[in-house]
Amino acid sequence: MNDVPTQLYLISPLDVSGDFPQRLERALEAGKGIVTAFQFRVKGLDQHEAAALAEPLQEICAAHEVAFIVNDSIALAKRLKADGVHLGQGDGDVGEAREELGRDAQIGVTCHASRHLAIEAGEAGADYVAFGAFFPSETKETEHRAETDLLEWWHEMVEIPSVAIGGITPANCGPLVKAGADFLAVSGAVWSGDEVAAVKSFAEQIAKA
């Protein structure tokens, strides 16, 4: 997988109501071949409400062959029969997620700036590890800062894909691509403006790097 060019991993804004399904559709159309995963990330909703919001988005992802990943909740991922789950350090473990979701599920783990956490996640059977934040983020408060040498080390030493996250924009993504990030996880840089222009801009900068 390390020979595949860097791809985009879109993370939803916290509000996915209203016209968001149409925006997602446009972003995936614009990102054919470069957007390969979408993370459903909402907070403070019960599972029933979250599932109702997730279902149209999941259908759009399926139609574009984009993996639909649920943030934090193994239970919601199981209910939706999602393609996978992304676990923060306090959201349950990889073994539990694998047991609940099956061997084909994509399970990712937030590892901040820690080689140790990433190695542990890999040994537990994670399908990818996420490092960051690389830049200040307006989407989420960041306690941990990661440097590009972490991506370089991981890319050389380990076959499990890496996801770079945190404040990534078309203007600053080049060094992360060069360092070997398999995926760039992006949210605000896409959803805070014209999603089609943003996705195309990311594609151009990734190709340049």
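Listed by first and then second residue, the pairs linking a residue in segment 117-138 that is under 21 Å from Thr169 (Cα atoms) to a residue that is among the polar types (S, T, N, Q) and assigned to a helix (DSSP H, G or I), with Cβ atoms under 9 Å apart and 6 or more places separating them unless they lie on different chains, are Phe134/Thr148.
Keeping to segment 88-113, report how many residues are without any contact (Cβ under 8 Å) to a residue 12 or more places away in the chain and either in a loop (DSSP other than H, G, I, E, B) or surrounded by 20 or more Cβ atoms within 10 Å (Cβ to Cβ) (or both).
4
Search segment 31-49 for residues being surrounded by fewer than 20 Cβ atoms within 10 Å (Cβ to Cβ) and part of a loop (DSSP other than H, G, I, E, B), and hand back the single one that is nearest to the chain's Cα centre (by Cα). The qualifying residue nearest to the chain's Cα centre (by Cα) is Arg41. Of all residues in segment 181-209, those that are part of a loop (DSSP other than H, G, I, E, B) have Cβ atoms under 8 Å from Cβ atoms of residues that are of a type in the set (Gly, Ala, Ser) and modelled with pLDDT of 95 or more, 6 or more apart or on another chain, in Ala181/Ser162; Ala181/Ala164; Asp182/Ser162; Ser187/Ser12; Ala209/Gly174. Residue count for segment 121-161 satisfying the condition of being within 17 Å of the chain's Cα centre (by Cα), among the charged types (D, E, K, R) and within 17 Å of Val109 (Cβ to Cβ): 2.
The values are calculated or read from the model by the stated rules, or taken from the named source; none is laboratory data. Just so we're clear, the structure is a prediction, and the values are computed from it rather than from any experiment. For neighbour counting, all protein chains shown are included, and Cβ atoms are generated from backbone atoms with ideal geometry for every residue, glycine included.
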